[in-house]
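Let me begin by presenting the structure, written as structure tokens, before commenting on it.
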Amino acid sequence: MSEAVYGPGEGPTKSVSVSVHEGTIAALRSRVGKRGISAYVEAAIQRQIERDQLDELIAANEEMHGPLTQEEIDAAEREMFGEGQGGRAVA
């Protein structure tokens, strides 16, 4: 019988042991209390997996098509945010 394969955020929960700095634990407990740690860590891990997958997608795209030029980035920012937007100071 084969083992089930689950994606991030799926399947039953399972306890694992991790080492975390005391200061990080204190900051975490001050935000979520003692009972919210697992959910907070689960969400953080899922976000990091999403970021890792996005980095892999960007790298694969750049390998196939080369990196975006500054002109392409500027055009995309204009399309998304309008003229003079995009989080950059306008001269």
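Note on ALA39 and ILE58: the model spin-label points, each 7 Å out from Cα along the C-beta direction, lie 3.1 nm apart. Within the accessible surface of the chain, defined with a 1.4 Å probe on protein heavy atoms only, the carbon and sulfur portion equals 53 percent.
Looking at segment 16-91, the GluC sites (Glu not before Pro) that sit in a DSSP loop and have at most 14 other Cβ atoms within 10 Å of their own Cβ are GLU83. Per residue, the accessible area of segment 21-91 comes to 89 Å², computed with a 1.4 Å probe over protein heavy atoms only. GNM on the chain, alpha-carbon springs under 10 angstrom: the most fluctuating residue among SER38, SER19, SER30 is SER19. The trypsin sites (Lys or Arg not before Pro) of segment 33-86 that meet both conditions, a loop assignment by DSSP and at most 12 other Cβ atoms within 10 Å of the site Cβ, are LYS34, ARG35. In terms of its alpha-carbon gyration tensor, the chain comes out oblate; a/c meets the 1.5 threshold, while b/c is at least as large as a/b. Per residue of the chain, the DSSP helices (runs of n ≥ 4 H) give a summed -39500 (n - 2.57) that works out to -19000 deg cm²/dmol at 222 nm.
Taking a sphere under 14 Å around the Cβ of SER38 and counting the other residues whose Cβ falls inside, with K and R at +1 and D and E at -1, yields a net charge of +4. Here the label points at MET80 and ALA26, each 7 Å from Cα along the C-beta direction, are separated by 3.7 nm in the simple model.
What is the sum of charges, Lys and Arg at +1 and Asp and Glu at -1, for the other residues whose Cβ falls under 13 Å from the Cβ of GLU56? Combined, the nearby Lys, Arg, Asp and Glu give -4.
The values are calculated or read from the model by the stated rules, or taken from the named source; none is laboratory data. All values reported here derive from a predicted model rather than from experimental measurement. Glycine gets a Cβ as well: all are built from the backbone with ideal geometry, and neighbour counts include every protein chain shown. We work out accessible area using only protein heavy atoms, side chains counted, and drop any ligands, DNA or RNA first. Shrake-Rupley method; radii C 1.70, N 1.55, O 1.52, S 1.80 Å.
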